[in-house]
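Participant: First the structure, then my questions, so here it is.
The values are calculated or read from the model by the stated rules, or taken from the named source; none is laboratory data. What you are looking at is a predicted structure, and each value in this text was computed from that prediction instead of being measured. Neighbour counts run over all protein chains shown; Cβ positions are idealised from the backbone, glycine included.
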Amino acid sequence: MPGKTKQFKTEVQHLLDLMIHSLYSNKDIFLRELIANAADAIDKARFEAVTRPELALDWKIRIVADKNAKTLTISDNGIGMTEAEVIDNIGTIAKSGTKAFMKALEERQQSGGNVPELIGQFGVGFYSAFMVAEKVILTTRKAGTDEPAVCWESDGKASYSIEKAEKDSPGTEIVIKLKEDALNYLEQWKVADIVKKYSDYIAYPIEFPVEKTNDDKTTTVEDKVLNSQKAIWLKNPDEITESEHKSFFSHLTHQISAPMKTIQFTAEGTTEFRALIYIPEKSETNIFMPELQKKGLQLYVRRVYITDDCKELVPDYLRFLKGVVDSSDLPLNVSREILQENPLIAKIQKNVVRKVLGELKKMQETEPTRYQEFFREFGRTMKEGIQTDYTNLDKLKELVMYESLNTAPGILISLKEYVAAMPSNQKEIYFITGESRSAVESSPALEFFRSKGWDVLLMTDPIDEWIMQSVTDFDGKPFKSVAKGEIELDKSEKEVTEKKLKEAAEAHQSLLEFLKKELEESISEVRFSPRLTESACCLVSDQFAMGAHMERFYKAMNKEMKPSKRILELNPDHPLISGLQALYDRDNSDSRLKDYAVLLRDQALLAEGSPIQDPLNFAKKVSDLMVLGVGK
């Protein structure tokens, strides 16, 4: 049957162009990726063989270098692919995450970062072969089916060909015709070095044929196994070197950095399992792209691989964890589909979460600088647990950290540290939400607290206000948004302040009524407040209403919602208030009063970082005021 020629998808053509023509600091990555793909294919076949023993083979990966033909061949006896699967998996954006990878690749290139470590994170590892290849020929046959083998061939440019092929055994063979500047990958020492560095813990032998000179001067070819195949998680923790951990971590994550922290333990009792868990130094580029990220640890049952996407092993807020769980209790034929219904999985998760949170707490107490680095990288995902993991809520509240009004930029404090520093007359934990420290630091709502020297937590993650809607207290101290409700004053100043505000409200009653009427579409109330010491006004929400930051967050997600009316608070000591009252008393029909009412509201919106309804009109009114001022 003649071969068919197909065009690559546009996105894949772009990707291949980047692969071939960009400058890479480490092209060795291609072999790591192809070996990882081969191991995955064997994993799938091995899993199938649990219920279909006829598929069982002597699993292996084989690498052959042909210096005369200038080819490097990587083959496996794994699950293989049908023709439809080849077309679907090679050259299709939906399967490979190509689009997201290219974006991350270009960003990393622009910033001067390491490019190759990104490859495996997006399922585009196969394409990395074109970094060193003039041509790639893939021949594959699906295990356990009657479908014929398929041959796929491409030079990595605009198209590829696909046709039926002859192949007696299941699995996949990839032949790479190497470029002239990549012929060093034909050397046994080079291949062995890459395997040792990246793939030593692959569970299947990686064989490489080597010529051996015998005593009688004849030569024979023997297969040399290049990897140790040792299940590192079964070793005693004291026997594992830092280099071994780094190598295994690299195998799991496709990252070249060392893990930030290693957690290894054995659980015995009602359920028995071993776990080797790593906390990475950096979060993955796609940590907030759930459709592209595998969430969970690798699951083995008595060293038999089950899945690398077991979401049930860890809750979603710990999705940054990497590692292995090897269970002694789960049945070997456990199905990926019924894992979530298995009570043993729930017990394993409970143990894993308890151990991880305990280790994080220990790091927080004994290595505070390192913990701050961890939380800056993964704090946003950790906070999700406060809303979802009620069992560990108290532990999570101890682990979260924030910048605060009284700390230097970049320095985080825990809730425990905040409470310990509270003065005796402060009864609540104060916080403010916003998009950034610079945005919230200038908020007029902070003026009272700044004047008192009281600290305020600066919550600048998009998730913070969502979380604070359901978190009521810490260590018996209630949380209080500085931009919601009224300020609670202590007894020593409450009476004096309330008297002052009452007198101001009576003296400016007509002005307050006027402002409320003019702004009634967006303002629910106009009142004097002790919250302001310098600014003329600010906007606050009712105690249990959605805050302005949360409203902006929902709008950014295109969620339709009716804007809530806010409270306009005024500073009774500000000269602007007395000036407006004087103008109103002279002529309450003066057209400028309506303009000033809108300006007052708009400047309060701008001060909190919210958009105003009519920026052009605002700018015109400010210009008119400036003209009047200059003309004096």
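Participant: For a quick check of your reading of the model, give me the residue pairs whose first member lies in segment 216-232 and is in contact (Cβ under 8 Å) with a residue 40 or more places away in the chain, whose second is among the small types (Gly, Ala, Ser), with beta-carbon atoms closer than 7 Å and at least 6 apart or on different chains.
Facilitator: Within 7 Å, the pairs are LEU226/ALA192.
Participant: Looking only at segment 523-535, filter to residues that are in a loop (DSSP other than H, G, I, E, B) and touching a strand residue (DSSP E or B) at 6+ places or on another chain (Cβ under 7 Å); which one of those is nearest to GLN603 (Cα to Cα)?
Facilitator: Among them, the one singled out is LEU532.
Participant: In addition: GLU435 is checked against (1) in a loop (DSSP other than H, G, I, E, B); (2) modelled with pLDDT of 90 or more; (3) among the charged types (D, E, K, R) and fails just one. What number does that condition carry?
Facilitator: (2)
Participant: Ok, one more. Regarding segment 353-373, can at least one residue be identified that is under 22 Å from the mean Cα position of the chain (by Cα) and among the acidic types (Asp, Glu)?
Facilitator: yes
Participant: If a residue must be modelled with pLDDT of 85 or more and either under 37 Å from the mean Cα position of the chain (by Cα) or more than 26 Å from THR139 (Cα to Cα) (or both), how many such residues does segment 214-225 contain?
Facilitator: 3
Participant: For segment 175-196, indicate whether the set of residues that are at pLDDT 95 or above and closer than 20 Å to MET81 by Cβ is non-empty.
Facilitator: Yes; the residues of segment 175-196 include at least one that is at pLDDT 95 or above and closer than 20 Å to MET81 by Cβ.
Participant: Now, a different point. Being surrounded by fewer than 17 Cβ atoms within 10 Å (Cβ to Cβ) and either touching a residue at least 24 places away in the same chain (Cβ under 8 Å) or farther than 19 Å from ASP461 by Cβ (or both) narrows it down to one residue among GLU384, GLU367, GLU377; which is it?
Facilitator: GLU367
Participant: Here are some conditions: (1) buried (at least 18 other Cβ atoms within 10 Å of the Cβ); (2) outside any helix (DSSP H, G or I); (3) in contact with a strand residue (DSSP E or B) (Cβ under 9 Å, 6 or more places away or on another chain). PHE249 meets all but one. Which one does it not meet?
Facilitator: Answer for PHE249: the failing condition is (2).
Participant: On the basis of being more than 22 Å from VAL150 (Cβ to Cβ), modelled with pLDDT under 80 and acidic (Asp, Glu), does ASP58 make the cut?
Facilitator: Taking the combined requirement at face value, the residue does not satisfy it.
Participant: In addition: Among the residues of segment 230-266, how many are among the basic types (Lys, Arg) and either within 21 Å of PHE320 (Cα to Cα) or in contact with a Cys (Cβ under 7 Å, 6 or more places away or on another chain) (or both)?
Facilitator: 2
Participant: Specify which of the listed residues (ASP461, ASP389, ASP473) is among the charged types (D, E, K, R), surrounded by fewer than 19 Cβ atoms within 10 Å (Cβ to Cβ) and in contact with a Gly (Cβ under 8 Å, 6 or more places away or on another chain).
Facilitator: After applying the criteria, what remains is ASP461.
Participant: (1) modelled with pLDDT under 90; (2) assigned to a helix (DSSP H, G or I); (3) surrounded by fewer than 16 Cβ atoms within 10 Å (Cβ to Cβ); (4) not β-branched (Val, Ile, Thr): which one isn't true of MET550, the others all being true?
Facilitator: It is condition (3) that MET550 fails.
Participant: Residues of segment 186-215 being part of a loop (DSSP other than H, G, I, E, B) and either more than 30 Å from VAL324 (Cβ to Cβ) or touching a residue at least 60 places away in the same chain (Cβ under 8 Å) (or both), which ones?
Facilitator: Passing the criteria: GLU187, SER199, ILE202, ALA203, TYR204, PRO205, ASN214, ASP215.
Participant: Look through GLY125, GLY144 and report the one residue that is surrounded by fewer than 23 Cβ atoms within 10 Å (Cβ to Cβ), within 27 Å of TRP59 (Cβ to Cβ) and touching a His at 6+ places or on another chain (Cβ under 9 Å).
Facilitator: Residue meeting the stated conditions: GLY125.
Participant: Moving on. Would a scan of segment 499-513 turn up a residue that is part of a loop (DSSP other than H, G, I, E, B), surrounded by fewer than 15 Cβ atoms within 10 Å (Cβ to Cβ) and in contact (Cβ under 8 Å) with a residue 60 or more places away in the chain?
Facilitator: no
Participant: When segment 438-470 is examined, which residues are found to be assigned to a loop (DSSP other than H, G, I, E, B), under 26 Å from the mean Cα position of the chain (by Cα) and either at pLDDT below 90 or among the small types (Gly, Ala, Ser) (or both)?
Facilitator: Those that are assigned to a loop (DSSP other than H, G, I, E, B), under 26 Å from the mean Cα position of the chain (by Cα) and either at pLDDT below 90 or among the small types (Gly, Ala, Ser) (or both): ASP461, PRO462, ILE463, GLN469, SER470.
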